[in-house]
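Here the structure comes first, spelled out in structure tokens, and everything after it is commentary.
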Amino acid sequence: MASLLRTASRLRPVAARSIAFQSSKMTPAVSFAAQRQYASAAASATISNDVEQPFFPDEPKGPTVKTAIPGPKSKAAIEKLEKVFDTRSLNMMANYNQSYGNYIADLDGNVLLDVYAQIASIPVGYNNPALLLAATSPEMASAIINRPALGNFPQHDWAEILETGILKVAPKGLNQVFTGQTGSDANELAYKAAFMWRRQHERGGAHVEFSDTDIASSMVNQSPGAPQLSILSFKAGFHGRLFGSLSTTRSKPIHKLDIPAFDWPQAPFPVSKYPLDQYSAENAAEEQRCLDETERLIKEWPQPPAAVVVEPIQSEGGDNHASPAFFRGLRALTHKHNVLFIVDEVQTGVGATGKFWAHEHWGLTDPPDMVTFSKKAQAAGYYFGNNELRPNKPYRQFNTWMGDPARALLFRAIIQEIDRLDLVQNTAATGEYLYKGLERLAQAYPSEIQNLRGKGQGTFLAWDSPRRDEVLKKAKTVGVNVGGSGERAVRLRPMLIFQKHHGESCLSLPSSSITHTDARLADIFLEKLEKVFKA
């Protein structure tokens, strides 16, 4: 190992030159020296009401649209890919060598302002120099080429990697983690932990051995070894596409058709009126209705729920919000009925809502039992604090990889960038600014922006559009990549480095007077969105 690290150390300058070469082909050109300049400039960037220094000084000043999307080169690449890979869900054919900061490029020279961020999963910008440096470290090289089967052969510094990364940002009260591969995997692992916890309690504790009946019946998928338990989820929720997680996903039929499912309960999620604070009485009544039905299902469902799983903001299901009081009510119900409370922060976590974890907005008196994560973390898993959520025997929560040290190292570098640039605060401030701009557009174009929502939730914003799919398509023609959710919602998922503006505020100016010389990110987006509405 020592020899390997010495060799990797000697190769590091070569890797740095390789990065510089790749970066020199980007638009705009960014040399390795310029990347280092970026690091020092970005480190001193501050957020103020007057002047805002850009986190990526060398990123494009605005979008560039040269061809239809997809253009001829992209079409050729798509045709080639289609022969070996299903491309029917393709959004665009990206050129990541040419993507930088908040901008995603394609093969035809089109460079789009990306407020979708790979389905909310790019945290600190394309080709972020700090992540490039982390990716070329000897530590990363070892993790990649010697990927350990963590359950059997963990690397010697795995505890340190977790403590300085994933666990450094653990939700309050949750000091342990079980790492996984994807968001779906994270949720399924949490479900398994909940079932094992429930049966352990029913047997009388972790010290009680499995009975012969438990063991024999488990092998033929019968109770009590395969118990008749469930996970309660909510209408329009999304928790993944694997078998267990899919049984808790309720967002779209296309996700579930033809797949056998467990007979698990679905509670109603509040159908809120927006803005939430203007309809507080109506929303409170709706939330109480949903809490009452949730309690009924917990008490009466034939397969008793071992846990309740919920998203802080239902994302794939249409960006549906509820008040902190609703989630506090859910927590109270899980305590009352001795059911675990799992918060799915796969999409809302890692700073997207102006808090590092969205459930921090709720004001809980005690933490959730488990919090699942993935997406912007670039790693995956679930946090927990109760030792009883560790299985009583080895190999019960187990697979070959049990996560990935390379991804944990990347998450650590992401956390360091978030801390260094105060990106959670940036997201909160940018979200407030962006929401006000969208309110102005909603007043000017009331048929285009309906049920604007996400106030006070960072840049996790959405609205309903009667011509949603057309809006998403036309946005690309003006240089913006944006996504949808549910049946008719337009959702914003910009990166944490997405900023308000720098220089004079443009919010009070008519959109026709905003130019790329005085506009920055949020202002450019609002300007381009208005062009779509006018068209």
Cβ pairs under 7 Å, 6+ apart, first in segment 378-407 and more than 22 Å from Val343 (Cα to Cα), second of a type in the set (Phe, Trp, Tyr) and assigned to a helix (DSSP H, G or I): Pro405/Trp158
Whichever residue in segment 60-85 is more than 29 Å from the chain's Cα centre (by Cα) and hydrophobic (A, V, I, L, M, F, W, C) and, among such residues, is least open to solvent (accessible area, probe 1.4 Å): Ala76
Identity of the residue in segment 444-469, buried (at least 20 other Cβ atoms within 10 Å of the Cβ) and of a type in the set (A, V, I, L, M), that ends up farthest from Ala535 (Cα to Cα): Leu461
Residues of segment 417-443 that turn out to be out of contact with any Lys or Arg (no Cβ under 9 Å at 6 or more places or on another chain), open to solvent by 10 Å² or more (accessible area, probe 1.4 Å) and either closer than 12 Å to Ala377 by Cα or among the aliphatic types (A, V, I, L, M) (or both), as a count: 1
Subset of segment 176-221 [β-branched (Val, Ile, Thr), over 20 Å from the mean Cα position of the chain (by Cα) and open to solvent by less than 50 Å² (accessible area, probe 1.4 Å)]: Val208
Residues of segment 391-416 satisfying the condition of being open to solvent by 30 Å² or more (accessible area, probe 1.4 Å) and part of a helix (DSSP H, G or I): Arg407, Arg412, Gln416
Considering residues of segment 129-148 that are closer than 23 Å to Met402 by Cβ and of a type in the set (A, V, I, L, M) only, the residue surrounded by the most Cβ atoms within 10 Å (Cβ to Cβ): Ala143
Restricting segment 377-390 to residues that are within 11 Å of the chain's Cα centre (by Cα) and not in a helix (DSSP H, G or I), the residue that is farthest from His201 (Cα to Cα): Gln378
Condition check for Ala226: open to solvent by less than 50 Å² (accessible area, probe 1.4 Å), in a loop (DSSP other than H, G, I, E, B), in contact with a Ser or Thr (Cβ under 7 Å, 6 or more places away or on another chain) and farther than 30 Å from Tyr100 by Cβ: yes
Flag for Lys172 being outside the structural domain of Ala120 (by the TED database) and farther than 17 Å from Ser374 by Cβ: yes
Failed item in (1) aliphatic (A, V, I, L, M); (2) at pLDDT below 95; (3) in contact with a strand residue (DSSP E or B) (Cβ under 6 Å, 6 or more places away or on another chain), with Ala41 passing the rest: (3)
Any hit, segment 117-135, residues being modelled with pLDDT of 95 or more, farther than 19 Å from Glu417 by Cβ and in contact with a helix residue (DSSP H, G or I) (Cβ under 7 Å, 6 or more places away or on another chain): no
Residue in segment 149-175 that is most open to solvent (accessible area, probe 1.4 Å), counting only those that are under 14 Å from Gly381 (Cβ atoms) and assigned to a loop (DSSP other than H, G, I, E, B): Asn175
Residue match in segment 90-108 (condition: open to solvent by less than 60 Å² (accessible area, probe 1.4 Å), at pLDDT 95 or above and in a helix (DSSP H, G or I)): no
Some residue of segment 427-441 being farther than 30 Å from Pro324 by Cα, in contact (Cβ under 8 Å) with a residue 12 or more places away in the chain and out of contact with any strand residue (DSSP E or B) (no Cβ under 6 Å at 6 or more places or on another chain): no
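What do you reckon, is Ile254 part of a helix (DSSP H, G or I), among the aliphatic types (A, V, I, L, M), over 21 Å from the mean Cα position of the chain (by Cα) and under 22 Å from Glu202 (Cβ atoms)?
Considered against the rule, which asks whether it is part of a helix (DSSP H, G or I), among the aliphatic types (A, V, I, L, M), over 21 Å from the mean Cα position of the chain (by Cα) and under 22 Å from Glu202 (Cβ atoms), Ile254 comes out as no.
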Residue count for segment 117-128, restricted to those that are open to solvent by less than 30 Å² (accessible area, probe 1.4 Å) and in contact with a strand residue (DSSP E or B) (Cβ under 6 Å, 6 or more places away or on another chain): 2
First in segment 75-89 and outside the structural domain of Asp108 (by the TED database) and free of Cβ contacts under 8 Å to residues at least 40 places away in the same chain, second anywhere and hydroxyl-bearing (Ser, Thr, Tyr) and open to solvent by less than 100 Å² (accessible area, probe 1.4 Å), Cβ under 8 Å, 6 or more apart: Ile78/Thr87; Leu81/Thr87
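The values are calculated or read from the model by the stated rules, or taken from the named source; none is laboratory data. Predicted, not measured: the structure shown is a model, and the values here were computed from it. Counting neighbours? That spans all protein chains shown, and the Cβs are built from the backbone with ideal geometry, glycine included. These area figures cover heavy atoms from the full protein model, side chains too; ligands, DNA and RNA do not enter into them. Shrake-Rupley method; radii C 1.70, N 1.55, O 1.52, S 1.80 Å.
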